[in-house]
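To start, the structure itself, in structure tokens.
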Amino acid sequence: MQSNKELQLLVEKAKRFSKDGKVADYIPALGKEDGNDLAITIYKTDNSYFHAGNFEKKFTLQSISKVLSLALVLMDRGEDYVFQKVGMEPTGDPFNSIAKLETLKPSKPLNPMINAGALAVTNMIKGKDLTEKWERLIQFVRALANDQQITYNEEVARSEFETAHLNRALCFFMKQNNIIEGDVESLIDLYTKQCAIEMNCYDLARIGAVFALNGFDPDSGERLIPEHIVRICKTFMVTCGMYNASGEFAIKVGVPAKSGVSGGIFAVVPNRYGIGIFGPALDEKGNSIAGLKLLEMLANEFEFSIF
Ligand code: GLN
């Protein structure tokens with residue numbers, strides 16, 4: 001990548017695909033987004049960056065937050081504890097499916113990138129109460145982005161809290177099977193705040209740079225996440241990060257990435273770039289339709305694939 005102008009040309013090309021997608025509205029507050037938006041920041045590990053589109057516009061992380069809560073919980077509890085409760089296998093099912101929870105024995109969510117697994121992970125965040133758990137999570141996200149202003153969007157959090165009946169069902173199922181403990185309403189409260197953490201493409205790309213550097217802060221050189229935990233997170237992103245389109249994405253783009261129903265995509269090109277994308281028109285699997293095209297174009301042009 002040589003210039004913002006070059007990136008802007010790719011954004012214009014990719015944007016044309018937005019018309020074939022649809023903004024998520026099962027969380028009513030997300031339905032207000034403009035399906036034509038498409039923005040990107042590419043943050044290089046030498047601290048330079050490129051932008052295109054409305055890159056300052058904030059959006060909520062939704063499922064992208066699952067990678068960050070997983071990193072925190074692995075740091076809090078260690079791998080052995082976490083993987084007693086959550087598996088390591090892709091599902092091939094939609095992100096909010098309950099089907100495998102019932103059919104697999106012993107019953108545990110297949111991986112931390114689907115809703116069931118992410119709810120179990122959020123349930124493991126350390127803290128004496130909801131406030132302390134939330135504070136620890138948001139401070140971790142602020143440190144990764146190097147931005148103390150980051151917080152959550154109250155309207156989106158409330159909107160999801162009021163409508164998250166399927167996520168409640170997943171929690172009750174897991175509570176019955178001793179995967180989660182404690183009060184389900186408090187967990188849904190914490191999870192919906194986590195999903196509503198709000199930032200722009202620049203912040204997300206900067207967090208990506210920490211992952212691209214295997215856990216080091218690109219500015220200070222400080223270690224923010226242990227290397228083996230970054231490796232686990234990136235591996236889940238490759239195998240499960242784009243929901244049941246992860247296989248196709250691995251072939252077409254070939255880097256660790258995680259999407260969210262807000263239209264965000266968080267991608268990591270090891271040792272090179274952190275990438276933050278926002279394009280709220282989604283394909284039928286819940287991934288940003290223009291965002292995927294944009295990543296495909298970038299991957300071809302700059303040989304991103306790790307495979
Ligand atoms: N908050 C959303 C949910 O739980 C996150 C899902 C997503 O981004 N795929 O339904």
Condition met for TYR81 (aromatic (Phe, Trp, Tyr), more than 16 Å from the ligand (Cβ to nearest atom), over 26 Å from GLN176 (Cα atoms) and touching a residue at least 40 places away in the same chain (Cβ under 8 Å)): no
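Which residue is least open to solvent (accessible area, probe 1.4 Å), if the candidates are limited to region 189-225 and must be under 30 Å from TYR26 (Cβ atoms) and assigned to a loop (DSSP other than H, G, I, E, B)?
ALA196
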Among what's in region 100-135 and is in a helix (DSSP H, G or I) and among the acidic types (Asp, Glu), pick the residue that is farthest from LYS193 (Cα to Cα). GLU102
Output the number of the condition that SER288 fails; it satisfies all remaining conditions of (1) farther than 23 Å from ILE232 by Cα; (2) of a type in the set (S, T, N, Q); (3) away from the ligand (no atom under 15 Å from the Cβ). (3)
Just name the residue that is farthest from GLY221 (Cα to Cα) out of those in region 28-49 that are in contact (Cβ under 8 Å) with a residue 12 or more places away in the chain and within 16 Å of the ligand (Cβ to nearest atom). PRO28
Residues to consider are ALA52, ALA71; find the one that is under 20 Å from the mean Cα position of the chain (by Cα) and more than 16 Å from the ligand (Cβ to nearest atom). ALA71
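Conditions tested, residue by residue: (1) open to solvent by 60 Å² or more (accessible area, probe 1.4 Å); (2) within 15 Å of the ligand (Cβ to nearest atom); (3) assigned to a helix (DSSP H, G or I).
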residue: LEU137; (1), (2), (3): no, yes, yes
residue: ARG142; (1), (2), (3): no, no, yes
residue: GLN149; (1), (2), (3): yes, no, no
residue: ARG158; (1), (2), (3): yes, yes, yes
residue: ARG168; (1), (2), (3): no, yes, yes
residue: CYS171; (1), (2), (3): no, yes, yes
residue: LYS175; (1), (2), (3): yes, no, yes
Applying the selection to region 90-135, what residues are open to solvent by 40 Å² or more (accessible area, probe 1.4 Å), without any contact (Cβ under 8 Å) to a residue 60 or more places away in the chain and not polar (S, T, N, Q)? ALA99, LYS100, LEU104, LYS105, LYS126, LYS128, ASP129, GLU132, LYS133, GLU135
What's the number of the condition LEU72 fails, among (1) closer than 17 Å to LEU282 by Cβ; (2) in contact (Cβ under 8 Å) with a residue 24 or more places away in the chain; (3) of a type outside the set (Phe, Trp, Tyr)? (1)
Would you confirm whether or not region 285-302 contains a residue that is under 17 Å from the mean Cα position of the chain (by Cα) and at pLDDT below 95? yes
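The values are calculated or read from the model by the stated rules, or taken from the named source; none is laboratory data. All values derive from a computational prediction rather than experimental measurement. Counting neighbours? That spans all protein chains shown, and the Cβs are built from the backbone with ideal geometry, glycine included. Please note that ligands, DNA and RNA were not included when accessible areas were found on the heavy atoms of the full protein model with its side chains. Shrake-Rupley method; radii C 1.70, N 1.55, O 1.52, S 1.80 Å.
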